[in-house]
Structure formats: structure tokens, C-alpha cells
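Engineer: Got a structure for you, written out below as C-alpha cells; questions coming shortly.
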């Protein structure tokens, strides 16, 4: 809320995706289904990797970490969005906006770095298969995952501190369904040149550098695979899933954060944001499970165990009732 040019904003109004009540109800049910599929798919993938000892390798540790990251990422935004679909006044407090901003940026940056490390893992597996187990040990994989999380938290902390120490004296309306950096900067009545510099540096660190590592890894992978006389399809099949996820995630991230400020358009940005906050976390476990036979077998065994345990419980209930 604000009064005049001298007051400080204490809350923000989120316009959301639509002002039509009927459309909001429809979107509520669609997004709820997407959210539940994303949660269940990623949890199932994590449990399948955790319970199958044959999947206790670096590749699947990265995959398990990606699933956990997707659960956290989508959960930092979607529940609040679902609640707002049911409310007439869609407000979020200044502190609540800062917290949401921090976690969404923190988890997004972490995923950028994690995908880059996963590409390096695939490069070592294909280009140095005999040395893979020596290079990509469990310890090395965990160190890379930890580096992704730590770097994400540092970058997000810096951006959040600089963004939310700006002066917001009105207006306080955000034409979006969550608090995101480009739109927050447009609302500030302070000099945002420093934050823009930090944004460019952050974009280079978390988008350009990791994307360059991914491109170099895949160029070398393609060069190595082309020299193989047999088994090219099998070699490529281990990379296709990761490459699809990279294209989807980095494509939307570059669209949002790699453009000049004047080119930001709210309606387009909201549609793109729906894709990387809801659709991508739902698609990731499907993409990996459809392309990976080991994951398919692990999930199938897990579902069989769950089904049999449920049948046993039902049988025990019937016996007790008799």
C-alpha cells in the first residue's frame, strides 16, 4: 500500500494471468493438475533412483538432484499462484515478495549450473568411458551439486539485497503472477543502474558461462561419437534427454533475462514464466523416464512393489474383518 510519492510500498498487487473469474477457475484446476503431476513424477523418480542400487552412479545422482530442485522450484511459486486464483484481491507483502524472489532466483540459478555439470558428466561418460568411474566419482558429483546450490544462494542473496533495498514509492502493481526481477526494477523509483550491472554480471555467470560449457561439451561429444563406427545411436541416446531439458530451460531463461529492459512485455513474459515454473518441472521426469530404459525399469519395479503392498494391506484388512 502507498500514499503519494513519499510513502514506501508495504505490499504488491499481483495482476496474475487473467482478470476473468471464470478463466481463473479453469486455470486453477489446470495448474493444480500440472503441479500434482510435477510433484508425483519427480518424487517417483527420486524414490526409484534411491531404491535401485544399480542407479547409484553419478549420472543418476545428478538426475535425482534435478528432480528435488524441480520440486522446490515449482513449489516456491505455484502454491501461492493457486491461492491467488481463488482470491479477489491478489496481494503479497513486501517481505513475502522478497522471500519469493530470493527462492525462485536461487533455485533457478542452481538449476542452470546443475545442468552444466550434468553436460560435463555426459562428456566424460562418452569421451572417456574407461576413466569415467575414476573421474566422476560420487564425491566429485556431490561436490558439483553442492557448488551449484552454494553459488545459487550467493547470487540470489546479492540480487535480492540490492533489489529490495531500492525505494518503491508507487505504483505497487505487478503485471505478473509472482515477483520477478525485470518487473520489480520497473516499479522502483530509485536509480537502478547498479542493479542492472549486477543483472548483466549475474546473467553472464549463471547463463552465458554454463551454456558455453554445455556447448563445448556437446561439440566434443558429437565429434567423439562421429568417430565411432557402431553404437552411435546408443551413445547419443544417453544425451538426448539432457539436451532437451537444456534447450527448454535455457531457452526460456535467456528469453527472460538476456533481453534489454525496454523489450519486456508482460503478457508474453507471463506465458513464458508459466512454461519454466510449471511445465518444465512436470516434463523433466517424463523426458528422462521416456528416454532412459534403466529409469523405466526402476520405476516399473517401484510401482509393482507399491501395488503389491497395497493389495497385501487390503487382504489383511479383509482377513481382520472376517
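Engineer: Could you tell me whether the stretch 121-135 includes any residue that is under 29 Å from residue 243 (Cα atoms), at pLDDT 90 or above, within 18 Å of the chain's Cα centre (by Cα) and assigned to a helix (DSSP H, G or I)?
Structural biologist: No, every residue in the stretch 121-135 fails to be under 29 Å from residue 243 (Cα atoms), at pLDDT 90 or above, within 18 Å of the chain's Cα centre (by Cα) and assigned to a helix (DSSP H, G or I).
Engineer: A further question follows. Which residue, of 219, 214, 248, is surrounded by 15 or more Cβ atoms within 10 Å (Cβ to Cβ) and at pLDDT 85 or above?
Structural biologist: It is 214.
Engineer: Can you tell me which of 320, 290, 303, 286 is farther than 16 Å from residue 41 by Cα and either at pLDDT below 70 or surrounded by 12 or more Cβ atoms within 10 Å (Cβ to Cβ) (or both)?
Structural biologist: 320
Engineer: Within the group 82, 63, 55, which residue is touching a residue at least 60 places away in the same chain (Cβ under 8 Å), under 30 Å from residue 289 (Cα atoms) and under 20 Å from the mean Cα position of the chain (by Cα)?
Structural biologist: 63
Engineer: A follow-up question, please. Can you say whether residue 12 is in contact (Cβ under 8 Å) with a residue 60 or more places away in the chain, buried (at least 19 other Cβ atoms within 10 Å of the Cβ) and not in a helix (DSSP H, G or I), as far as the supplied structure shows?
Structural biologist: yes
Engineer: Among the listed residues 42, 80, identify the single one that is surrounded by fewer than 20 Cβ atoms within 10 Å (Cβ to Cβ), modelled with pLDDT of 90 or more and not in a loop (DSSP other than H, G, I, E, B).
Structural biologist: 80
Engineer: Does residue 144 satisfy the condition of being surrounded by 13 or more Cβ atoms within 10 Å (Cβ to Cβ) and either within 22 Å of the chain's Cα centre (by Cα) or modelled with pLDDT of 85 or more (or both)? Outline the logic, then answer.
Structural biologist: Numbers: surrounded by 13 or more Cβ atoms within 10 Å (Cβ to Cβ): yes; either within 22 Å of the chain's Cα centre (by Cα) or modelled with pLDDT of 85 or more (or both): yes.
When the stated conditions are applied, residue 144 passes them.
The values are calculated or read from the model by the stated rules, or taken from the named source; none is laboratory data. Just so we're clear, the structure is a prediction, and the values are computed from it rather than from any experiment. Cβ atoms come from the backbone with ideal geometry, glycine included; neighbour counts cover every protein chain shown.
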